[in-house]
1. Among the listed residues Leu168, Leu227, Leu222, Leu256, which satisfies the condition of being open to solvent by less than 40 Å² (accessible area, probe 1.4 Å) and within 27 Å of Gln114 (Cα to Cα)?
2. Can you tell me which residue is surrounded by the fewest Cβ atoms within 10 Å (Cβ to Cβ) among those in region 1-26 that are outside any strand (DSSP E or B) and of a type in the set (A, V, I, L, M, F, W, C)?
3. Are any of the residues in region 61-84 assigned to a loop (DSSP other than H, G, I, E, B), within 11 Å of the chain's Cα centre (by Cα), at pLDDT 95 or above and hydrophobic (A, V, I, L, M, F, W, C)?
4. Can you tell me which residue is surrounded by the fewest Cβ atoms within 10 Å (Cβ to Cβ) among those in region 48-77 that are within 20 Å of Gly211 (Cα to Cα) and within 9 Å of the ligand (Cβ to nearest atom)?
5. Identify all residues within region 111-132 that are within 17 Å of Thr53 (Cα to Cα) and either among the charged types (D, E, K, R) or assigned to a helix (DSSP H, G or I) (or both); write none if there are none.
6. In region 27-47, how many residues are in contact with a helix residue (DSSP H, G or I) (Cβ under 9 Å, 6 or more places away or on another chain), under 22 Å from Ser265 (Cα atoms) and either assigned to a helix (DSSP H, G or I) or open to solvent by less than 10 Å² (accessible area, probe 1.4 Å) (or both)?
7. Filtering region 118-143 down to residues that are open to solvent by 40 Å² or more (accessible area, probe 1.4 Å) and of a type outside the set (Asp, Glu), which residue is farthest from the ligand (Cβ to nearest atom)?
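The values are calculated or read from the model by the stated rules, or taken from the named source; none is laboratory data. These numbers were taken from a predicted model, which means no experiment stands behind them. Here the Cβ is made from the backbone with ideal geometry for all residues, glycine too, and neighbour counts use every protein chain on show. Note: accessible area is taken over every heavy atom of the protein model, side chains too, but ligands, DNA and RNA are not part of it. Shrake-Rupley method; radii C 1.70, N 1.55, O 1.52, S 1.80 Å.
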Amino acid sequence: METQNKITANSPIGIFDSGLGGLSICKEIVRLLPNESTIYLADSKNAPYGEKTKEDIINFSIKNTELLLSLGCKIIVVACNTATTNAISVLRQKFNVPFIGIEPAIKPAALTTQTGRVGVLATKGTLSSDLFLSTSSQFNDVEIIEAQGKGLVRLIEAGKLNETKPLLKKYLLPMIEKGADNIVLGCSHYPFLIPLIKEIIPKNVKVIDSGEAVARQTKKKLIEHNLLSINSNANNEFYTNLNAELLTGFLNQIDLNSTNIAFKSF
Ligand code: DGL
């Protein structure tokens, strides 16, 4: 198992995603934990992970973790459902550092549905993972209507959010027709599409994502490991291996302003 030296409570939280989607998680972490420094990696060069093999997803996740640890991170947030459901158990075995993952929020959706039907929009990689199958099989009394969001991540990564609308209609309307009253966004890219999704689905249908839950879980893990920062000069750094301008645009959109945005080869 690989260990890390010189971590303190003021070391940064490392966060990675296949690209820009995990910024939706990062935003919640920064909001809940303003004293924490963060380092975010957008592996946009390799997006979408959801259409890659499990082996590739594991290798990308190891590479991202190694870089974050080399930058001194004290804890790693896998801000990607596809990487979590395919790789987190390998990461936990390989690295001696706490990990927080993100999975489709089936539980809150299943516990609050009135119709007994829940829609889950996620990547092929997430929906076909053993972790997703075992989580969804715990809710036998609820019908889970799945849709693979093929094409959505590519458009989001290209900054073409408005062009996702026809695809969203294709994936979401069948869920509505079948009676789903809760729709789970099982990919950290999709919260960027919530305004468009709300134009498509009826008002009484709830959209559920995992961002806040991941931030709460991160806080809990930091407390458990005595790693909660009291640093009042927290600093948020963002790296992409593709397009720093696009990354800046997304950060502006979610009011996460930082001067530390840079291209990095990884
Ligand atoms: N944002 C990721 C997720 O939560 C991955 C999307 C992709 O790269 O396919 O699943």
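1. Every option except Leu168 fails the conditions.
2. Met1
3. Yes: one or more hits.
4. Pro48
5. Scanning region 111-132 gives Lys124, Gly125, Thr126, Leu127, Asp130, Leu131, Phe132.
6. 8
7. Asn140
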